[in-house]
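Asks: Below is a structure I'd like to ask you about.
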Amino acid sequence: MNKKITTIKGFVLIEALISIVILSMIAFSVFPIVSFLVKKSGVSKYEGRASLVLQEGIEVSYNVLISDWERYADGRYSIFVDETLTPVTWELVATNSPDENIDTIFSRTIDVYTICRNITTGVNVGLAPCTGDSHEDRSTRLIESVVTWNEAGIDKEVKASLLVANF
Amino acid sequence: MNKKINYQGFTLIELIIGVLITTFIFLGASALILTLFGTSGRVQKSQSLDQAKNDIQVELTNNIKWAKILLIEPDSITADGVIYKFESDGRLYKNGIPMTSGEIFLKNVYITDLSRTRVSGEELISLKVTLDLESKRSSNISDHLNLVVSQRRTKIEIGGDIISPTRTPTPTPSPSVTPRPTRTPTPTPDPNATPRPTRTPTPTPDPNATPRPTRTPSIEY
């Protein structure tokens with residue numbers, strides 16, 4: 001007598017579990033991508049806000065400096081709105097420390113420099129005090145502003161400078 | 001012939017465990033998908049706000065900065081004939097054409113003139129434009145714009161005539177606006193400020209040096 005045993009095998013539990021685990025790992029690998037995208041979006045938002053704070057510093061400094069060129073010596077300044085005048089206007093005040101808590105999280109410095117030009121070529125060679133082959137350009141000033149903030153424990157900054165000519 | 005078939009599939013308990021695990025996974029996955037869609041929608045609306053904010057910033061900055069004639073009103077700015085008007089429908093219009101999307105509502109718009117008058121009497125405008133942007137579809141998605149722009153001083157000499165930027169007189173000046181008082185040049189340095197380093201005197205130019213060519217006035221950036 002011929003005895004034939006046919007075995008029909010399905011998956012065993014361990015195989016099914018392994019496949020589920022692999023599937024889960026693939027599915028959950030999407031999480032870091034989403035998290036990264038959300039974080040990236042957050043960063044660009046801060047940077048956008050920081051650029052507006054930076055622009056404010058540069059624009060106000062330009063307007064004040066060009067209005068009264070000789071009045072403001074080189075140095076660090078803070079901006080504020082002078083409400084003692086009618087109508088109110090921008091004003092710069094000399095300071096040592098940066099402006100804190102601008103738009104809640106930002107700090108900003110504004111520095112005004114006199115620049116040096118090469119006596120022969122007139123090329124801008126750096127900031128005062130000038131060396132032997134250059135002289136101070138009294139009709140040009142450099143406004144430099146730096147905005148810093150802390151994001152998730154990391155210090156970040158954006159900076160800009162504007163060369164202003166008084167002619 | 002005696003044929004014996006041995007079926008080795010899942011037992012009931014294995015199937016139940018499998019179904020339970022699959023259920024949990026599907027629940028987790030559906031929550032993830034819902035979050036993804038929700039985040040995607042929020043990001044999209046947030047990006048629309050950012051885009052609008054950026055458009056307003058770039059447009060106003062470029063045109064106010066280099067305008068020769070500026071006219072400021074509470075809800076509009078006219079720069080060299082280009083009219084930017086914040087309408088009551090919450091949109092910004094440029095010469096009557098909407099600049100911002102209909103899905104974004106601009107509110108609490110304040111245009112403040114904080115210009116300083118030059119010692120020479122010439123006035124260069126410096127504006128502060130503040131406004132709130134809100135998504136019409138979801139009011140909890142909002143943003144704030146605080147934009148400061150200063151008009152640049154340009155002087156072009158054509159045949160001996162000097163053309164400088166001017167401000168057109170406001171047609172109906174506010175009665176509360178009084179002429180700007182003249183300032184006395186009295187700097188008010190911070191008492192805590194560190195003294196500036198002594199500058200080296202300007203060196204005497206070398207008499208043998210080649211004379212510098214006459215430079216035309218220019219603005220450097």
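Asks: Just want to confirm a number: the relative contact order over the stretch B:14-163, from Cα pairs under 8 angstrom separated by 6+ residues, in percent.
Replies: Details: 217 pairs, mean separation 25.8, N = 150.
After rounding, I find 17 percent.
Asks: For residue A:131 and residue A:104 in one chain, what is 0.36 nm times their gap in residues minus the Cα-Cα distance, to one decimal in nm? Walk me through the intermediate numbers first.
Replies: Details: separation 27, 0.36 × 27 = 9.72 nm, distance 4.16 nm.
Net length gain for the segment: 5.6 nm.
Asks: Dipole size in debye (nearest 20) for the stretch B:14-163 around its Cα centre, Lys and Arg Cβ +1, Asp and Glu Cβ -1? Mind dumping the intermediate values first?
Replies: Numbers: 17 positive and 18 negative charges, 41 e Å.
About 200 debye.
Asks: Given the options A:67, A:78, A:51, state which has the largest fluctuation in a GNM of chain A using a 10 Å cut-off (strictly under) for Cα springs.
Replies: So, out of A:67, A:78, A:51, the one fluctuating most is A:67.
Asks: Could you work out how far helix A:13-28 tilts from the main Cα principal axis of chain A, as a 0 to 90 degree angle to the nearest 10?
Replies: So the helix axis and the longest Cα principal axis differ by about 20 degrees.
Asks: Per the Debye formula with a single identical scatterer at each Cα and no solvent contribution, what log10 I(q)/I(0) holds for the stretch B:14-163 at q = 0.10 Å⁻¹?
Replies: For the requested q values the scattering log ratios are -0.50.
Asks: Here's another thing I want to ask about it. Roughly speaking, what is the centre-to-centre gap between the stretch B:78-96 and the stretch A:65-130 when only Cα atoms are used, to the nearest Å?
Replies: Measuring centre to centre over Cα atoms gives 33 Å.
Asks: I'd like the Karplus ³J(HN,Hα) series for the stretch B:126-141: coefficients 6.51, -1.76, 1.60, θ = phi - 60°, whole numbers in Hz, and an x wherever there's a Gly or Pro.
Replies: In residue order, the calculated couplings are 10, 10, 10, 10, 10, 7, 9, 10, 9, 6, 5, 7, 9, 6, 7, 9 Hz.
Asks: Something else about it: Rounding to the nearest 10 and keeping the result within 0 to 90°, find how far the Cα-based axis of helix A:30-67 lies from the longest principal axis of chain A.
Replies: It works out to around 10 degrees.
Asks: Which value, in debye to the nearest 20, gives the size of the charge dipole of chain A about its Cα centre, when Lys and Arg are +1 and Asp and Glu are -1 at the Cβ? Please list the in-between numbers first.
Replies: Numbers: 15 positive and 21 negative charges, 366 e Å.
Value, rounded to 20: 1760 debye.
Asks: What pairs from B:45/B:65; A:159/B:136; B:45/B:94; A:39/B:85; B:94/B:128 go past 28 Å between their alpha carbons? Working shown, then result.
Replies: Details: B:45/B:65 30 Å; A:159/B:136 34 Å; B:45/B:94 23 Å; A:39/B:85 35 Å; B:94/B:128 18 Å.
The pairs that break the limit, which is 28 Å between Cα atoms, are B:45/B:65; A:159/B:136; A:39/B:85.
Asks: Please give the average number of partner chain Cβ atoms lying within 10 Å of the Cβ of each residue in A:80-89, rounded to a whole number.
Replies: Working: counts 0, 3, 3, 0, 1, 6, 6, 10, 3, 8.
Shielding by partners across A:80-89 averages 4.
The numbers here are math on the coordinates, done by the rules we state, and not lab data. Because the structure is a prediction, the values reported are computed rather than measured. When we count neighbours, we look across all protein chains shown, and the Cβ atoms used for this are built from the backbone with ideal geometry, even at glycine.
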